[in-house]
Amino acid sequence: MGAYDQRRISDHSLTMTQESSNLPPGQCCTDDHLLHRRLFLKGLTGGALASAASFSGLFHNPVFAAETKRAQKHCILLWLCGAPSQFETWDPKPGRPTGGPFGSIPTKIPGIHFSSLMPRCASIADKLNIVRSMKTAQTEHFQAITLLQRGNPERAGFTRPTLGSALSQAIGQLDSPIPNFIFLDPIPGGNEFESFKAGNWPGWLGAEHAPVRLGGDYTQLLNAASESIPEHDREAREVLRKFLTAKFDRDRNSGVARSQNAAFDRMRGMTASADLYDVDKLPAQDRERYGAGSFAQHALMARQLVENGAPFVMVANGMNWDNHVFQHEIHQMLVPELDRVLFHLVNDLEERGLLDSTLVVAMGEFGRTPWMNPARGRDHYPHAWSMMMTGCGLKRGVVTGATDEDGVDVIENPYNEQNLFATIFTALGLDPYAEYDLPGMPTFHRVENKAKPIRELLA
């Protein structure tokens, strides 16, 4: 399985038990996570493993599938690439020279105001958490995206896994037709984000924890693949492949073969459930509620994928938020879409009983400058910016951190990318300081330097 040698199932279960025993109280339902593992092991001992090859075993057993979906943890990352302005979203400064033209409105949280462009989020602020005091180091898109996707500064010669890959390894299912890391990406790109996407997402975890990229033409190709091979042919090919692979592995212990098998199983599972990835097949009423834009439609798809067992889904949409020109005019279009998407996504997850097990994160790679440039835009600003988190393992209705009256500096509770990642891992019931098992490599942890999570947010 690439550079990372995955533990045996029994070892994995033991690790989860040890992690849960070391976690502080009040974190996200680790007992439920262990229940899922016990159910999985029980399924294996009951002979389900033999039938899992055709995806008619464990995850096609209605009882097991229902328990799995209930117990499993999920994360949805709404990646606002290009970086939204904190002034036009979560940290408005009305009446100040830096504030802009939109003003602010009261929220469900007494004394807290959001931008007037976010009335829906203001109405559910008691379900959200806002961090107004992010303070990071990178001012250029590529380096900042790398920092906020991987959670730690780069170390020469070693590529850390991105958040999605780390969670694929940590909370991904051992035998599921749903990929552990799905990246919904309808925009091909041609910018710094596209450069990042061309890089090594899973790092030392290996290719089996790379994202499955969907959206736009990618989904069309998936549907074509699904329709081109009959199910009985797929099953026959699967039996032959597993036979040949087993023989190959007996003759030569091959991490490459294991990685290829993981990728094959993942794609086969996807083609068997291709309808889940087709935006056009989502309920018409839901599509109308979320809005017609590609970001909104793919956020809806993320909800559907989580409902069907996806551990981690990332939604992105090019570099729309990089508004160096006509900041206010462009944000006046983008922010209401984000407002609508967050409102419906959070409410839908709550109504479906999934918000307690699903962490929702909305952020970019930094914020925007308090001042306007000559082109009426805001430039890159990592020194004081905002982001949103809610769901699994977190309190609700918390606004932490503060900036000064003009939004230039953080004056209360500064947090960086390591604090953020420690919060995410902790909320999902994972030890943020657990070591990666990397033979022949230096010791690495999920979060380095024992960086503390944002305690104000933890339940």
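The values are calculated or read from the model by the stated rules, or taken from the named source; none is laboratory data. The shown structure was predicted, so the numbers you read here are calculated from the model rather than taken from an experiment. Positions of Cβ are generated from backbone atoms using ideal geometry, with glycine treated the same way; all protein chains shown enter the neighbour counts.
Only residues in region 426-454 that are at positive phi and buried (at least 24 other Cβ atoms within 10 Å of the Cβ) count as the first member; pair them with residues that are at pLDDT below 95 and of a type in the set (S, T, N, Q), Cβ under 8 angstrom, at least 6 apart or cross-chain, and list the lot.
Partner pairs satisfying both residue conditions: Gly429/Ser20; Gly429/Gln27; Gly429/Thr30.
Please go through region 387-439 and give me each residue that is charged (D, E, K, R) and over 20 Å from Lys135 (Cβ atoms), ordered by number.
The answer is Lys395, Arg396, Asp431, Glu435, Asp437.
If you take the residues of region 67-80 that are in a loop (DSSP other than H, G, I, E, B) and modelled with pLDDT of 95 or more, which of them is nearest to Gly367 (Cα to Cα)?
Within region 67-80, the match that is nearest to Gly367 (Cα to Cα) is Leu80.
Please tell me if Pro336 is closer than 28 Å to Gly318 by Cβ, at pLDDT 95 or above, surrounded by fewer than 20 Cβ atoms within 10 Å (Cβ to Cβ) and touching a Leu at 6+ places or on another chain (Cβ under 9 Å).
yes
Considering only region 100-124, state which residues are out of contact with any helix residue (DSSP H, G or I) (no Cβ under 9 Å at 6 or more places or on another chain) and at positive phi.
Once the filter is applied, which keeps residues that are out of contact with any helix residue (DSSP H, G or I) (no Cβ under 9 Å at 6 or more places or on another chain) and at positive phi, region 100-124 yields Gly103, Gly111.
Tell me, which residue of region 191-210 that is surrounded by 22 or more Cβ atoms within 10 Å (Cβ to Cβ) and among the aliphatic types (A, V, I, L, M) is nearest to Asn323 (Cα to Cα)?
Once the filter is applied, the top-ranked residue is Ala210.
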